[in-house]
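The values are calculated or read from the model by the stated rules, or taken from the named source; none is laboratory data. Keep in mind that what you see is a predicted model, and the values were worked out from it rather than measured. Don't worry about glycine lacking a Cβ; one is built from the backbone with ideal geometry, like all the others, and counts go over all protein chains shown.
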Amino acid sequence: MIRLMVADDHAIIRDGLKKILSTAQDMHVVAEACDGAEVIEGLRSTAVDVLLLDMSMPGKSGIALIQQIKASHPSLPVLVLSMYRESQYAVQAIRSGAAGYLTKNAESAELMDAIRRVVRGGSVVSALVAEKLVKQLHQPASSFPHTLLTAREFQIFQMLVEGNGINEIAHCLSLSNKTVSTHKANILTKMDIPSTAGLVHYAIQHGLIVASTGV
């Protein structure tokens, strides 16, 4: 029996995943979490074979959370379920230790197959992400300035465009304000963008963040 933890900050998504996975005779959801702190605490108290992880939750999330999980549970397969279709998120997640990356529009059968694959030691990305990765490989890096960023820079870029300030990022990543400011400056230089507002515009334009509808 594959024991699963489902981590997502939306209860309706967790409930939906549990309902889908309950139809598989070889899978059982044994724990769930709504933020990074609950993921870490749950992994301390519950034996889990696969972690289904949302990339964006309150508190520590995304790349930073994957890195922390893999540091304390190196053999635990982390399968990311994300709303982000941009291939760079998949690249950074896998570089950080994730075993797979699926977008949330994946079919139920695709999700179950991915779980079985990563628990056997394999890796997986969704067809959409794989297609984007192939296209990206055939274009010069300068066509996608964000691909020039290191894993840490991309993590901070993501947090900046999601509205986090220098102090918040420093606290979340256990870095000094000066270090985060230096990373931010490097990000702006590498991407040839003059301001955080410009980063947000770039992120929206390239599907790295969902534009607010004001609703």
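Remarks
- Selection of the stretch 71-88 for residues being touching a helix residue (DSSP H, G or I) at 6+ places or on another chain (Cβ under 8 Å) and of a type outside the set (Lys, Arg) yields SER72, HIS73, LEU76, PRO77, VAL78, LEU79, VAL80, LEU81, SER82, GLU86, SER87, GLN88.
- Check on VAL180, of a type in the set (A, V, I, L, M), modelled with pLDDT of 90 or more and under 30 Å from VAL50 (Cβ atoms): no
Okay, residues lined up against (1) under 21 Å from SER123 (Cα atoms); (2) out of contact with any strand residue (DSSP E or B) (no Cβ under 9 Å at 6 or more places or on another chain):
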{"site": "ALA37", "(1), (2)": "no, yes"}
{"site": "GLY42", "(1), (2)": "no, no"}
{"site": "ASP49", "(1), (2)": "yes, no"}
{"site": "GLN68", "(1), (2)": "yes, yes"}
{"site": "SER75", "(1), (2)": "yes, yes"}
{"site": "TYR84", "(1), (2)": "yes, no"}
{"site": "ALA90", "(1), (2)": "yes, no"}
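- A count restricted to the stretch 192-210 and to residues that are part of a helix (DSSP H, G or I) and under 14 Å from LEU160 (Cα atoms) stands at 9.
- Any chance ILE94 is modelled with pLDDT under 85, of a type in the set (A, V, I, L, M, F, W, C) and either assigned by TED's automatic domain parsing to the domain that holds GLN25 or assigned to a helix (DSSP H, G or I) (or both): yes
- Of ALA98, ALA109, ALA93, all but one fail to be free of Cβ contacts under 8 Å to residues at least 40 places away in the same chain, under 20 Å from LEU4 (Cβ atoms) and buried (at least 20 other Cβ atoms within 10 Å of the Cβ); the exception is ALA93.
- From the options SER87, SER126, SER82, SER61, residue that is crowded, with 17+ Cβ neighbours inside 10 Å, within 16 Å of VAL6 (Cβ to Cβ) and at pLDDT below 80: SER61
- Residue list for the stretch 167-183, filter: surrounded by 17 or more Cβ atoms within 10 Å (Cβ to Cβ) and either free of Cβ contacts under 8 Å to residues at least 40 places away in the same chain or outside any helix (DSSP H, G or I) (or both): ILE169, ALA170, LEU175, VAL180, HIS183
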